[in-house]
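Below is one structure; the comments refer to it alone.
The values are calculated or read from the model by the stated rules, or taken from the named source; none is laboratory data. Remember, predicted model here, so these are calculated numbers, not experimental data. Glycine also receives a Cβ, built like all others from the backbone with ideal geometry; neighbour counts cover every protein chain displayed. Only protein heavy atoms, including side chains, enter the accessible area calculation; ligands, DNA and RNA are left aside. Shrake-Rupley method; radii C 1.70, N 1.55, O 1.52, S 1.80 Å.
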Amino acid sequence: MDIISTHIHADFDALASMVAASKLYPKARLLFPGSQERNVREFLQETKFPLRAERLKGFALDTITRLVLVDVKRASRIGPLKDLLGRPALEVHVYDHHPAHPKDITGGLEVLREVGATTTILIGLLRDQDTAITPPEATLFALGIYEETGFLTFTNTTEADLHAAAYCLA
């Protein structure tokens, strides 16, 4: 079974990246390894965003054959999912924008870019594949980019972030 997950205390970039990755891995299930930030929980409740994500409690982790990690590449940030790492039959894919660190998780597929938000990376891949996104998805993706880049004002914001945000608005 394919699982898409992120870091504990998921923020908007994490949530948006999970949803974007689900368009690249349409059979994958979304699994939060921990809680979400309060503003993310409120967004999901207030907007009724059609998110089909699962909680870790009671989930059969031994059924996971591919773990797709977004917006995270440190084992210490994925909660109990870190116990899966190193399993011989587990395939790991990593999509992330954080600077390299010696303790990073390595994956069979790694898409690592120096941009302000992981959502930016995934929007680029969706655009390359000419994958359609819905208006609610575009809104969520824009929120992910805006939150992670301080509304495009943080010093790690790149031209790619601006183009991805513009694409969401379009």
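Results, tabulated for the structure shown:
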quantity	calculated
The chain: C-alpha pair distances exceeding 19 Å, %	52
With DNA, RNA and ligands ignored, accessible area of K103 (1.4 Å probe; Å², nearest 10)	150
Helix 135-149 axis, angle to the chain major axis (alpha carbon atoms, nearest 10°)	90
Proximal lysine pairs, the chain, alpha carbons under 24 Å, eight or more residues apart or interchain	12
Computed accessible area, S76, all protein chains, 1.4 angstrom probe, square angstrom	90
Solvent-accessible area, 1.4 Å probe, carbon plus sulfur percent, for the chain	54
The stretch 6-113: GluC sites (Glu not before Pro) in DSSP coil with no more than 11 other Cβ atoms inside 10 Å	none
Per residue solvent-accessible surface (Å²) - the chain, probe of 1.4 Å	51
Simple spin-label estimate for E46 and E91 in nanometres, 7 Å along Cα-Cβ	4.0
Kirkwood-type radius of the stretch 95-145, with distances r between different C-alpha atoms, in Å	12.2
By accessible area with a 1.4 Å probe, ligands and nucleic acids excluded, highest first: order of T120, T139	T139, T120
Reduced Cα scattering model of the stretch 1-76, Debye log10 I(q)/I(0), q = 0.12 Å⁻¹	-0.30
